[in-house]
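The values are calculated or read from the model by the stated rules, or taken from the named source; none is laboratory data. Here the structure is a predicted model, which is why all the values come from computation and not from measurement. Using ideal geometry, Cβ is built from the backbone for each residue, glycine included, and neighbour counts are taken over all protein chains shown. The area values use the complete protein model at the heavy-atom level, side chains included, leaving out ligands, DNA and RNA. Shrake-Rupley method; radii C 1.70, N 1.55, O 1.52, S 1.80 Å.
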Amino acid sequence: MKKKSLIIGNWKMNLTPAEATSYLIKLQKKIGEPTSAQVVICPGFLSITAAERALKGTKIELGAQNVASQEPGALTGEIAAKQLEGLVRYVIVGHSERRIHLGERDREIATKLALCHLHHLTPILAVGETLHDYEERLAARVVNSQLTAGLRDLDAEEVEKTIIAYEPVWAIGTGKACSPRYVSQMIAGLRSVISALYGEEVAAKVKFLYGGSINSLNAEAYLDLEGCGGLLVGHESLELDEFAGIVKVAERETAEA
Ligand code: 13P
């Protein structure tokens, strides 16, 4: 049987604590207790405690969308990994929206990944090429370099526990999900980079996700892919019925495999 698929909702800069609570209570009722898919919600920081309360006693887990690149201290407006420890299990690091709009650099991303591991959080390193990179056939070079730079401060054991999300920038929020075949090739390429750096055994254990214009109709094609362990869902994770639909597809896929 295929391993549990990880279905992660990235709410980005949406929902108040009250809206988050109401959504999660409804989601829980809709999806019940998924047994063959692991569902994770990444609310904005403001709604994390409300989400935690709403999800107590359920199997839905929590993640954060970002973390500071420093330990707790004088850094106005930031949230440290230590503050998230025990509150969330996962942290998205290096999302393209942060790289592009907030100038987040590989060096900083590498530090964030190391801090996540230090504080027992599972980082989800997001990598992906822009449309320009894609058209210029630079995609593999760009994502391989983001991957190598992001992992550089980790040891093999930490790499094994890091999740990699392949999210081509041109597929995010555009309704243009890229072809499953292309995703499969890109994930295979990324896995071979890990294999060259940390060995085949480590590479085989790393979980890869796909993200970019996922909905309940196209989810199956990606979950079917050999190397793809789940999905990182943006916009459609805010639509209760759609997100519940994606979770149901994952449940079915895993159970049938
Ligand atoms: P969309 O699903 O809205 O394309 O966003 C994907 C994403 O950025 C998830 O992190």
From the option list 32, 86, single residue qualifying as in contact with a His (Cβ under 9 Å, 6 or more places away or on another chain) and farther than 29 Å from residue 129 by Cα is 86
Residues of segment 87-118 that turn out to be open to solvent by 40 Å² or more (accessible area, probe 1.4 Å) and within 18 Å of residue 168 (Cα to Cα), as a count:
7
Output for Cβ contacts, cut-off 9 Å, separation at least six or different chains, first residue closer than 14 Å to residue 152 by Cα and of a type in the set (Val, Ile, Thr) in segment 111-127, second modelled with pLDDT of 95 or more and surrounded by fewer than 24 Cβ atoms within 10 Å (Cβ to Cβ), reads 111/69; 111/70; 111/153
Please give the strands (runs of 3 or more DSSP E) falling wholly within segment 156-257 in which 3 or more residues are in contact with a helix residue (DSSP H, G or I) (Cβ under 9 Å, 6 or more places away or on another chain).
207-211, 230-233
Hey, among 10, 14, which residue is within 16 Å of the ligand (Cβ to nearest atom), farther than 25 Å from residue 150 by Cα and not aromatic (Phe, Trp, Tyr)?
14
So which of 176, 161 ends up being surrounded by fewer than 20 Cβ atoms within 10 Å (Cβ to Cβ) and either aromatic (Phe, Trp, Tyr) or under 18 Å from the mean Cα position of the chain (by Cα) (or both)?
161
What's the total number of residues in segment 189-218 that are among the small types (Gly, Ala, Ser), without any contact (Cβ under 8 Å) to a residue 60 or more places away in the chain and either on the phi > 0 side of the Ramachandran plot or open to solvent by less than 60 Å² (accessible area, probe 1.4 Å) (or both)?
6
Could you tell me whether residue 247 is within 15 Å of the ligand (Cβ to nearest atom), on the phi < 0 side of the Ramachandran plot and at pLDDT 95 or above?
yes
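Looking only at segment 105-117, decide whether some residue is assigned to a loop (DSSP other than H, G, I, E, B) and either in contact with a strand residue (DSSP E or B) (Cβ under 9 Å, 6 or more places away or on another chain) or within 17 Å of residue 166 (Cβ to Cβ) (or both). Outline the logic, then answer.
In the first step, residues of segment 105-117 are kept if they are assigned to a loop (DSSP other than H, G, I, E, B); the result is 105.
Now drop any that are not either in contact with a strand residue (DSSP E or B) (Cβ under 9 Å, 6 or more places away or on another chain) or within 17 Å of residue 166 (Cβ to Cβ) (or both), which leaves none.
No, because not a single residue in segment 105-117 is assigned to a loop (DSSP other than H, G, I, E, B) and either in contact with a strand residue (DSSP E or B) (Cβ under 9 Å, 6 or more places away or on another chain) or within 17 Å of residue 166 (Cβ to Cβ) (or both).
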Test each condition in (1) more than 16 Å from the ligand (Cβ to nearest atom); (2) closer than 19 Å to residue 154 by Cβ; (3) touching a residue at least 12 places away in the same chain (Cβ under 8 Å) for residue 225 and report the one that comes out false.
(2)
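Considering only residues that are open to solvent by 70 Å² or more (accessible area, probe 1.4 Å) and over 13 Å from residue 91 (Cα atoms), which ones fall in segment 119-152?
Hits for segment 119-152 are 131, 132, 134, 135, 136, 137, 141, 152.
Listed here are the residues, each with its yes/no results for (1) open to solvent by less than 50 Å² (accessible area, probe 1.4 Å); (2) within 10 Å of the ligand (Cβ to nearest atom); (3) free of Cβ contacts under 8 Å to residues at least 60 places away in the same chain; (4) not aromatic (Phe, Trp, Tyr).
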| site | (1), (2), (3), (4) |
| --- | --- |
| 221 | yes, no, yes, yes |
| 235 | no, yes, no, yes |
| 243 | yes, no, no, no |
| 252 | no, no, yes, yes |
Filter segment 29-54 for residues that are more than 19 Å from the chain's Cα centre (by Cα) and surrounded by 18 or more Cβ atoms within 10 Å (Cβ to Cβ) and give the result.
31, 50, 54
Do we have any residue at all in segment 188-205 that's within 15 Å of the ligand (Cβ to nearest atom), among the aromatic types (Phe, Trp, Tyr) and at pLDDT 95 or above?
no
